[in-house]
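In what follows, a structure is listed as structure tokens, so that the remarks can point back to it.
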Amino acid sequence: MRGGFVGRGLVMAVLLLAGCQTPDSRLYTLSVLPPDGPVGAAAGGALALGALELPPLVDRPQIVRRIDSNRVETLEFDRWAEPLADGLRATLAADLAARLPGRSVLPVAGSAPAAGTAVLSVSVLRFEATADGRVVLDAQWGAANGPRRRDSVEIRAANGEPAALVAAMSRAVAALADRMAAAGRF
């Protein structure tokens, strides 16, 4: 009788632990998108992304969604597959390369870029998604030690679900790359 009690207790403990399991995380990445219109004329030379700063609010493994003006939520099971700064850097570099034919775009400037390499720095002031499906990307950018420009992009997602928000975030990065390529200040 005692063995049956221990066996049932063990089975109950296993079932209880199985019921407490958390769902698997869903991992997301930003995607590279084609230009929104015609690309500029072929230009030579290299362009390297130097400093790329993100606000601490979104620089975390979880996707962050704004609920209202004073509250945000981290989507615990909806995460970036890589650090957001790394994914943003790679996506922006690839988006720029697609918009600047004949120009080599390097995702990382390194400590000493080759002579003649323009270095672009980007400070992301806001990169937010909201529960109602709005994405805002607000950034200052420019050639290192040169004048800076500020651009703000707002994209509407199909809904406030993580997959739709990440797709809209990718579109926002592409729109910023469109504006950078059109300005050509680097």
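Throughout, read-outs are computed from the coordinates displayed, never taken from laboratory work. Every value quoted in this text rests on a predicted model; they were computed, and no experiment measured them. Backbone-built Cβ (ideal geometry, glycine too); neighbour counts: all protein chains shown.
Residues in the stretch 26-77 that are part of a loop (DSSP other than H, G, I, E, B), in contact with a Lys or Arg (Cβ under 9 Å, 6 or more places away or on another chain) and β-branched (Val, Ile, Thr): how many?
Looking only at that region, the number is 2.
Can you tell me which of Ala118, Ala97, Ala93, Ala112 is without any contact (Cβ under 8 Å) to a residue 12 or more places away in the chain and crowded, with 17+ Cβ neighbours inside 10 Å?
Values: Ala118 fails: without any contact (Cβ under 8 Å) to a residue 12 or more places away in the chain; Ala93 fails: without any contact (Cβ under 8 Å) to a residue 12 or more places away in the chain; Ala112 fails: crowded, with 17+ Cβ neighbours inside 10 Å.
Exactly one residue qualifies, and that residue is Ala97.
Yes/no per residue for (1) surrounded by 14 or more Cβ atoms within 10 Å (Cβ to Cβ); (2) within 18 Å of Ala181 (Cβ to Cβ); (3) of a type in the set (D, E, K, R); (4) under 15 Å from the mean Cα position of the chain (by Cα):
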residue	(1), (2), (3), (4)
Arg66	yes, no, yes, no
Trp80	yes, no, no, yes
Asp132	no, no, yes, no
Leu137	yes, yes, no, yes
Asp151	yes, yes, yes, no
Glu154	no, no, yes, yes
